[in-house]
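Q: Dropping the structure in here first, questions after.
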Amino acid sequence: MARQPAQDKGADRGAAKGRESANPSAAADTAQGTATAGAAKQAPAERANVSRDELLKHYRDMLLIRRFEEKAGQLYGMGLIGGFCHLYIGQEAVVVGLEAAAEEGDKRITSYRDHGHMLACGMEARGVMAELTGREGGYSKGKGGSMHMFSRERHFYGGHGIVGAQVPIGAGLAFADKYLGNGRVTFTYFGDGASNQGQVYETYNMAELWELPVIFVIENNQYAMGTSMKRSTKSKTLFGRGEAFGIPGEQVDGMDVLAVKAAGQKAVAHCRAGKGPYILEVMTYRYRGHSMSDPAKYRTREEVQKMRDERDPIEQIRSLLLTGNHATEDDLKAIDREIKEIVNDSAEFAKESPEPAEAELWTDIYADLVPQAEPADQNV
Ligand SMILES: Cc1ncc(C[n+]2csc(CCOP(=O)(O)OP(=O)(O)O)c2C)c(N)n1
Ligand SMILES: [Mg+2]
């Protein structure tokens, strides 16, 4: 069994530090020095007209993801989660910022690093944790696991283990919405590694040709397993590749939830106005390994620590809340307690939920939605 790294304490430990250094407009100093935010030229308080309630919601939503993922890491270490498990710790601002730009009915689809996306779009922590542990109470009745959860109710279309596979499917979802004329937008998330795949560019071409309402969100965490961006491409930006197909886009500071939200709103407006797809390259960073077993030889501990100390997305909002007198330490402690309860409750629920019955092996294999055709004439 893979050894677990120490629990992520970034959101607590860096509190004081965050107040001094959390200027989200600062260029992120990353492995490649590329995590600058095209959209983040001003400090968020000046840039975004954000209410106290919004700030608190962003803080709460990001903290839920972080604490949930820490708990998932623990349960994995205890042998309660089998198979693959890719944690999202460090990247919380991406999905929380974009969900803040979405409206009810908009769709989302992503890769295997998907727990944060589920929580951010309103799926229940209990159902996600029970699925991770392979229990009946999970979103896929315990048969899908970490990478294969869906919720039609919350318009969440997975959870895809094949790198890049979700990209054409995301365009397909957007095609359906365009056909139905319902004004909905699809957020199609994929990584920097996935963005070197051919199917992404076939999808770009069709999406632009058909003016599909799809936002391609490249979560550029700068590594594809152990391969850094530097080793995989000479492209200066990934969003810039859309230009060949006529798709506009931009690079965003993915450690700044307000910058992500602002860019998301712009992209959504573009899509809803019928102008076709938009690309957001969101510069982010994962603190943990690629998955639970990761030799971590491709980057230094110092690189990770620097990012956590100086750029942590939760610390940035925490700092804004405190320095702007929008919240007190006690207010934030109360939120921390509330989140802890939700996460602990999800783990208890998961442990108590039974494993799926053997008969479940034969269910949920084919959809029953296709109308049955009349039996064909045997002689034709
Ligand atoms: C088609 C395919 N090729 C290779 C793999 C193995 N694999 C899993 S994740 C991954 C890296 C993808 O990196 P990126 O797109 O940057 O996403 P991240 O893991 O950083 O979120 C690879 C190569 C796979 N699952 N599917
Ligand atoms: Mg990556």
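Q: Give segment 98-125 a look and list any residue that's away from ligand 2 (no atom under 16 Å from the Cβ) and part of a loop (DSSP other than H, G, I, E, B), or say none.
A: Residues satisfying the conditions are ALA100, ALA101, ALA102, GLU103, GLU104, GLY105, ASP106, CYS121, GLY122, MET123, GLU124.
Q: Scan segment 145-157 and give yes if some residue there is under 15 Å from the mean Cα position of the chain (by Cα), over 27 Å from LYS57 (Cβ atoms), within 16 Å of ligand 1 (Cβ to nearest atom) and assigned to a loop (DSSP other than H, G, I, E, B), otherwise no.
A: Yes; the residues of segment 145-157 include at least one that is under 15 Å from the mean Cα position of the chain (by Cα), over 27 Å from LYS57 (Cβ atoms), within 16 Å of ligand 1 (Cβ to nearest atom) and assigned to a loop (DSSP other than H, G, I, E, B).
Q: Quick one: is ALA176 free of Cβ contacts under 8 Å to residues at least 40 places away in the same chain, surrounded by fewer than 21 Cβ atoms within 10 Å (Cβ to Cβ) and either closer than 17 Å to PRO356 by Cβ or within 16 Å of ligand 2 (Cβ to nearest atom) (or both)?
A: Values: free of Cβ contacts under 8 Å to residues at least 40 places away in the same chain: yes; surrounded by fewer than 21 Cβ atoms within 10 Å (Cβ to Cβ): yes; either closer than 17 Å to PRO356 by Cβ or within 16 Å of ligand 2 (Cβ to nearest atom) (or both): no.
The answer is no for ALA176.
Q: Checking ARG126 against (1) crowded, with 19+ Cβ neighbours inside 10 Å; (2) within 16 Å of ligand 1 (Cβ to nearest atom); (3) within 30 Å of MET78 (Cβ to Cβ), which test does it fail?
A: Answer for ARG126: the failing condition is (2).
Q: Something else: In this structure, does ARG184 turn out to be farther than 27 Å from GLN265 by Cβ and away from ligand 1 (no atom under 14 Å from the Cβ)? Steps first, answer last, please.
A: Working: farther than 27 Å from GLN265 by Cβ: no; away from ligand 1 (no atom under 14 Å from the Cβ): yes.
So ARG184 fails the test.
Q: Would you point out which residue out of GLY83, GLY90, GLY116, GLY97 is over 15 Å from GLU219 (Cα atoms), small (Gly, Ala, Ser) and modelled with pLDDT of 50 or more?
A: Exactly one of GLY83, GLY90, GLY116, GLY97 is over 15 Å from GLU219 (Cα atoms), small (Gly, Ala, Ser) and modelled with pLDDT of 50 or more, namely GLY83.
Yes/no matrix, rows are residues, columns are (1) at pLDDT 95 or above; (2) more than 17 Å from LYS351 (Cα to Cα); (3) part of a loop (DSSP other than H, G, I, E, B):
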{"residue": "ALA37", "(1), (2), (3)": "no, yes, yes"}
{"residue": "ASN49", "(1), (2), (3)": "no, yes, yes"}
{"residue": "GLU54", "(1), (2), (3)": "yes, yes, no"}
{"residue": "LEU63", "(1), (2), (3)": "yes, yes, no"}
{"residue": "PHE68", "(1), (2), (3)": "yes, no, no"}
{"residue": "GLY79", "(1), (2), (3)": "yes, no, yes"}
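Q: Failed condition for PRO168, given (1) within 16 Å of ligand 1 (Cβ to nearest atom); (2) more than 14 Å from VAL214 (Cα to Cα); (3) without any contact (Cβ under 8 Å) to a residue 60 or more places away in the chain, with all others met?
A: (2)
Q: Would you point out which residue out of ALA269, ALA296 is under 18 Å from GLY73 (Cβ atoms) and surrounded by 13 or more Cβ atoms within 10 Å (Cβ to Cβ)?
A: None of the others qualify; the one that does is ALA296.
Q: A follow-up question, please. Counting just the residues of segment 245-273 that are on the phi < 0 side of the Ramachandran plot and assigned to a loop (DSSP other than H, G, I, E, B), which one comes out nearest to ligand 2 (Cβ to nearest atom)?
A: That would be GLY254.
Q: Moving on to the next point. Looking only at segment 197-219, how many residues end up being within 8 Å of ligand 1 (Cβ to nearest atom) and either of a type in the set (Val, Ile, Thr) or crowded, with 18+ Cβ neighbours inside 10 Å (or both)?
A: Count: 1.
Q: Right, another one. Restrict the check to segment 220-239 and report whether at least one residue is out of contact with any strand residue (DSSP E or B) (no Cβ under 8 Å at 6 or more places or on another chain), assigned to a helix (DSSP H, G or I) and buried (at least 24 other Cβ atoms within 10 Å of the Cβ).
A: no
Q: Output the residues belonging to segment 290-306 that are within 26 Å of VAL252 (Cβ to Cβ), over 16 Å from the mean Cα position of the chain (by Cα) and not acidic (Asp, Glu).
A: Those that are within 26 Å of VAL252 (Cβ to Cβ), over 16 Å from the mean Cα position of the chain (by Cα) and not acidic (Asp, Glu): TYR298, ARG299, THR300, VAL304, GLN305, LYS306.
Q: Which condition number in (1) within 22 Å of LYS340 (Cα to Cα); (2) out of contact with any Cys (no Cβ under 9 Å at 6 or more places or on another chain) is the one that VAL95 fails?
A: The number of the failed condition is (2).
Q: Kindly indicate which of GLY242, GLY191 is of a type in the set (Gly, Ala, Ser), within 13 Å of ligand 2 (Cβ to nearest atom) and either more than 15 Å from SER111 (Cα to Cα) or within 15 Å of the chain's Cα centre (by Cα) (or both).
A: The conditions single out GLY191.
Q: Could you tell me whether any residue of segment 201-216 is farther than 30 Å from MET78 by Cα, among the aromatic types (Phe, Trp, Tyr), modelled with pLDDT of 95 or more and within 16 Å of ligand 2 (Cβ to nearest atom)?
A: Within segment 201-216, one or more residues are farther than 30 Å from MET78 by Cα, among the aromatic types (Phe, Trp, Tyr), modelled with pLDDT of 95 or more and within 16 Å of ligand 2 (Cβ to nearest atom).
The values are calculated or read from the model by the stated rules, or taken from the named source; none is laboratory data. Since this is a predicted model, take the numbers as computed values, not measurements. Note: ideal-geometry Cβ built from the backbone for every residue, glycine included; neighbour counts use all protein chains shown.
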